[in-house]
Structure formats: C-alpha cells, structure tokens
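In what follows, a structure is listed as structure tokens, so that the remarks can point back to it.
Values quoted throughout were computed directly from the atomic coordinates according to the rules given, and no laboratory measurement underlies them. Quick caveat: nothing in here was measured; it's all calculated off a predicted structure. In this analysis, Cβ positions are derived from the backbone assuming ideal geometry, glycine residues included, and neighbour counts consider all displayed protein chains.
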Amino acid sequence: MTLVSRPDAPWYSKLHIQIFIAMIVGALLGLTIGLPAARALGWLGTIFVRALNMVIVPLVFTSLTNGVASIGTGRELGRIGLKTLVYYMTTSLLAIIVGLFLVNIIRPGVGADISGAAAEQLPDIAEPSGPGDFALRLLLDFVPRNVVSDMAAGEMLGIIGFSIMLGVAIAHSPERIRDRGRTAFETAFQVMMVLTSFVIRLAPIGVLGLVTVAAARSGATTFVAMGKYAITITIGLLTHAFLTLPLVLIVLGRINPRIHYKNMAEPLITAFSTSSSSATLPVTLRTMEEKVGVSNRITSFVIPMGATVNMDGTALYECVGAIFICQVLGYPLDFATQVTIVITALAASIGAAGIPSAGLVMIFIILRAIGLTGPEPMVIVGTMLAIDRPLDMMRTAVNVLSDSCGAAIIARTEGEKNVDVEPAPGAEPEPGVERADVAAS
Ligand code: ASP
C-alpha cells in the first residue's frame, strides 16, 4: 500500500484532495454550526490522533535503527548529524529574524487594548525552567536512563539516542549477527510503514473532526481584538514558508519548491489540523520516503530530530509573542533585550514539545530571561491562549515544512538524485512507487 496514487486515478480518490475537502467542510461546519458539530464529529479527530500517536514510537525506533545499521560508518553519521544541526539552527534563526523585523515594524502591542478580549486561565501550563540548563538537558536526554520508560513516555530524544546506539551496535557486530540484525529491523520497519499508511488513510475523516472542533472553538471575537498580533504572526509565518524556505531549497538543495510543497500536501494539512508535529511525524516520515524520495538513512534521523527540536514557526512565534507582551506592558526593548529575546526564542523553540500550544508555554522562558515576571504577563498570555489554536495550526505546519526541507536538502547534498523530481507525464507507476519498492527490496 503506497501513498502515491496512480496518475489515471480520478481526482476525488487522491488522498491529499480528500484531506483538503475534509478541511474545508470541517471549517464550514465548525464556523456555522459551532459546538454541536464539534461534539458530533470531534471523536473522529481523536481516533485519528490516537492512531498517529500509536505508531510514532515503534515507527521511529525501527526506522532509525534500520537507517543507522545500514549507514555503517561513524563518519557518515557524524556528517549527516552536523548538517542537520547547522540547517536547523540556521533556518530557525532566519525565522526569528523575520519575526523580529515584523514585530518592530508593525508594533502590534503598542496601544493594544486587550481588556475586552477573553482570556483563558493557564492552569495546566507549568512554567518551564530557565534557558541556562537547556543544552545540558538536551544532551542528557539522548542517553535514556531506562529505554523502556522513555518509550512508554514517548520521550523522543531518548528513543533517538538509543536507536542510534543500537544501529551502531548492529553495524559493528560480527557479519552473521549484523546481517540478521539488519534484516530483522528492516522487516519490522517495512511492516510499520504499511501500518502507518493504514493510519494515514484515515486522514480525511480525522481532519474533518479536528478542523470542525478547531473552527468551532476559534474564538472569533477575541481574534479581532488581537488582530494586529495575529496578523504579524501570520505574515511572518507566510514569509518564512513562501520566501525564506523556498530560497533555502533552491540555493542549498537545487530543489524546485513547487514540487516539494505539492509532495508535502498530506503532512502539511495533517500538521495544520492536529497542531502537533509529533502526531504528524508518521505522516511526514512516510511521505518523505514515498513521495519526496529521500532515503531511509536520511529521513529516519533528520525527521524525528526535526519534529523534536526544529520548530521554525514556533521560533518566530516566540520572538513575536515575547516582544508583543513587552509592547503591551510598555517594557523597554533596548538592543540587549532584543538580542536576549532572539537567543532565548531559539532555545525555547528547541525545548518546545511537538504538541498543541507548547510554544505558548515556552514564552515564559523568554520573559524570565529578560526579567519580566509577575502577574501582568500571565494575563496577556492567557489572552494569547484564547486565540492560539489557529496560530498554532499555522506554526505547526511551518515547523513540519522546515523539517522536510532540511531532509530533502541534506539528501541532495549527500548525492541522492531522486529527491523531488517531477514525475514524467504519464509515467507508470509514479517514481514514488518505484522508490518505495526499491527501499523495500
Ligand atoms: N504545536 C507546535 C508543534 O507541535 C508547537 C507549538 O506550540 O509551537 O510543532
């Protein structure tokens, strides 16, 4: 079972078209009928997200172990790791700079009256610890104390660390064991890919449920009160998605952005409707291999890493959100403060979990770093939370997009030629199918 439909299939049987229609219908139902529609259809979204979460851990574990076991040399692994790190840091910083520029030009918080806007309390939002211990914590997280409990808790960095070490161990085992280990993990991985494609087939009904709920709860009135703030973030995210990342794709990967974005339709809509990079991970992994044409040895490492630490949309959002709060409160924004915001926004985006509204919580890290504490920021963050869902949907899609661009570019620089190639007209079957078959053999 593949995600790539045959070129002669009728338009309505194409998965990305079905998902897109589901999104439009869900938005219309949510906005017109509201909560009754959300109550009636919400469970479809819940099942879909649960099924996605169900496959994440075994998929990442088998995919990454299989990928590393087949890479073999430590040098190659190190090179791919370094490229991944440099790409992730650079694009997140570019996103932050776009946000910084816009928030200073538009100044959405200056004179903003949010007294009429609905605020949500922040009961379940635990304040995270300061930015200082981030680097060390990240490093430690790669070495799980107990791999079973990390898997049970879905701790992605621990799973990534263990899978890499296991893959390296397989690659360094005596020949007979190595071959068996590789075969075992490759088999398990291919079976997980098939299971994942079953789950992805649920996407149209899942997206219908998720978008209906999101639209019904969008808080339209508060959205208007926070209009300038929402517009600043939206322009920033659109700039990053349609200007910065395409340029990066062209310059670094010699990749046609139009083809890449078209290939990525399903993960992008899934990210948009789930507001969760983690839940989208299985769809991204599957699409990168089947449609974009990146090999498993690159996707299996770059994509789970990206879903955990690379969040360009969130990085931009952190920067704009923190400066917005400063502007509302009239807090002085000198050069040093803005530099601190840029650095901590990067750290906060790395630390944010790939779940809904995680980015909003991380704003407290930035506020603490610039010495802005007390009850007033809490109230503003509560108001930001009231309209967070639509913004979260957009930034999650940008987060996932950046991961996919990174994997495609790294694959290109590693000499992979099948990345985002335009299918020859009438080609039968499409290249994605061939690639998947080759990968499976
Ligand atoms: N929801 C985002 C994600 O999963 C994180 C955020 O809240 O910014 O990527």
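Mind jotting down a quarter of the surface of the convex hull over the alpha carbons of the chain, in square nanometres, one decimal?
Result: a mean projected hull area of 20.9 nm².
Could you work out the helix-only [θ] at 222 nm for the chain, with each DSSP H run of four or more residues adding -39,500 (n - 2.57) and the total divided by the number of residues, to the nearest 500 deg cm²/dmol?
Rounded to the nearest 500, it is -24500 deg cm²/dmol.
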Item checked: Choice from PRO304, PRO108, PRO267 showing the highest fluctuation, given a GNM over the chain with Cα pairs closer than 10 Å -> PRO108
Note to self: For the chain, take the longest principal axis of its alpha carbons; what is the angle in degrees between that and the long axis of helix 277-287, to the nearest 10 within 0 to 90?
What the structure shows: 30 degrees
Check: Taking the mean number of other Cβ atoms within 10 Å as a proxy for protection, how do you rank 240-247, 412-419 from highest to lowest?
Finding: 240-247, 412-419
Item checked: Label point at ILE21 placed 7 Å out along Cα→Cβ; residues across the range 40-66 whose backbone nitrogen lies under 16 Å -> none
Note to self: Quick check: the angle from helix 227-239's long axis to the longest principal axis of the chain, C-alpha only, nearest 10 degrees?
What the structure shows: 30 degrees
Checklist line | Segments 326-332, 283-289, 382-388 sorted - mean Cβ within 10 Å per residue, highest first | finding: 283-289, 382-388, 326-332
Item checked: Modelled FRET efficiency - R0 30 Å, ALA336 with THR413, Cβ distances, 0.05 increments -> 0.25
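For LYS14, LYS83, what's the fewest-to-most ordering of other Cβ within 10 Å of each Cβ?
Values: LYS14 15, LYS83 18.
Fewest-to-most Cβ neighbours within 10 Å comes out as LYS14, LYS83.
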Next item on the list: Multiply the residue separation of VAL148 and ILE33 by 0.36 nm, subtract the distance between their alpha-carbon atoms, and state the gained length in nm to one decimal.
Entry: 37.0 nm
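Which of rounded, prolate, oblate describes the range 17-110, given a ≥ b ≥ c as roots of the alpha-carbon gyration tensor eigenvalues and a/c under 1.5 marking rounded, otherwise prolate only if a/b is larger than b/c? Before the final figure, lay out each step's value.
Details: a/c = 3.63, a/b = 1.28, b/c = 2.84.
It is oblate, given that a/c is not under 1.5 and a/b is not larger than b/c.
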Next item on the list: Using the Kirkwood radius over Cα pairs, work out the Stokes-Einstein diffusion coefficient for the range 379-425 at 20 °C and 1.002 mPa s, in µm²/s as a whole number.
Entry: 159 µm²/s
Checklist line | Cross-link partners of LYS291 among lysines (Cα-Cα below 24 Å; sequence separation of 8 or more within a chain) | finding: LYS14, LYS83, LYS262, LYS417
Next item on the list: Please state, as a whole number in µm²/s, the translational diffusion coefficient that the Stokes-Einstein equation yields for the range 274-322 at 10 °C and 1.306 mPa s, with Rh defined as the Kirkwood radius across alpha carbon pairs.
Entry: 135 µm²/s
Next item on the list: For the chain, find the longest principal axis of its Cα atoms and tell me its angle to the long axis of helix 388-413, 0 to 90°, nearest 10.
Entry: 40 degrees
Checklist line | Prolate/oblate/rounded label for the range 326-367 (Cα gyration tensor, a/c 1.5) | finding: oblate
Notebook entry, point to check: Using unit Cβ charges (K, R positive; D, E negative) and no other charged atoms, how large, in debye to the nearest 20, is the dipole of the chain about its Cα centre?
Noted result: 380 debye
Check: Between ALA184 and VAL421, what is the FRET efficiency for a Förster distance of 35 Å, r being their Cβ-Cβ separation, to the nearest 0.05?
Finding: 0.65
Notebook entry, point to check: How do the peptides 158-166, 400-408 rank, highest first, by the average count of neighbouring beta carbon atoms within 10 Å per residue?
Noted result: 400-408, 158-166
